[in-house]
Amino acid sequence: MKSKKSYLGFVLWIFGMASAQLATVLLPKMDSHLQIVIYMNIVVISIFVLSLIIYLTENVYWYNGVEFSEALEAGTEKRKAYALSHMKRFGGFTGIFIVYSCISILIGIPKGIDIIIAVVGLITTAISTIHIKL
């Protein structure tokens, strides 16, 4: 990890996620259920991408509760393991949600349920990472 603290990558990720969400407006007119599913998948995938970026850059101090100095002192191996643990959890939920989304569209699960599953799933996944220590 570089010895300089930076949030540039995080800011770029925010702009990328917002751009992807705004791009849904440009999609052809479609069923509102499909629009919701696409939008929620963008959100879920974006969170996974953030965890991937943190893993690749070792900027684990982007996670709440990790100070830059603590991350620097931990060393590459510990930072990578810490970031990988987070990435696996968010990746697992992302995969599950994508499969769920396909099923939801095919059998017509109400769009409100899709939103609830995405939000509760992300919150639950985030809470499940609290015990992971650097």
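For Ala81 and Lys4, the FRET efficiency from 1/(1 + (r/R0)^6), where r spans their Cβ atoms and R0 equals 25 Å, is about 0.65. With all protein chains in place and ligands, DNA and RNA left out, the 1.4 Å accessible area ranks Lys4, Lys78 as Lys4, Lys78, largest first.
Could you sort out which of Lys111/Lys133; Lys5/Lys133; Lys88/Lys111; Lys80/Lys111; Lys5/Lys111 sit more than 31 Å apart by Cα distance in this structure?
Lys111/Lys133; Lys80/Lys111; Lys5/Lys111
With a cut-off of 14 Å between beta carbons, the residues surrounding Ile96 carry a summed charge of +1, where Lys and Arg count +1 and Asp and Glu -1. Computed from Cα atoms, the angle from the helix 111-128 axis to the main principal axis of the chain rounds to 10 degrees.
At full extension, Cys102 and Leu56 could sit 13.6 nm farther apart than now, given 0.36 nm per residue minus the alpha carbon distance.
Rolling a 1.4 Å probe over the heavy atoms of the protein chains gives the chain an accessible area of 60 Å² per residue. In the chain, helical runs assigned H by DSSP with n ≥ 4 each contribute -39500 (n - 2.57); averaged across all residues and rounded to the nearest 500, the mean residue ellipticity at 222 nm is -25500 deg cm²/dmol. Could you let me know the centre-to-centre spacing of segment 116-131 and segment 42-57, using Cα atoms, in angstrom? Each part's Cα centre sits 15 Å from the other's.
The values are calculated or read from the model by the stated rules, or taken from the named source; none is laboratory data. Owing to the predicted nature of the structure, the values given are computational and were not obtained by experimental measurement. When we count neighbours, we look across all protein chains shown, and the Cβ atoms used for this are built from the backbone with ideal geometry, even at glycine. Side chains are part of the model used for accessible areas, which takes the heavy atoms of the whole protein and leaves out ligands, DNA and RNA. Shrake-Rupley method; radii C 1.70, N 1.55, O 1.52, S 1.80 Å.
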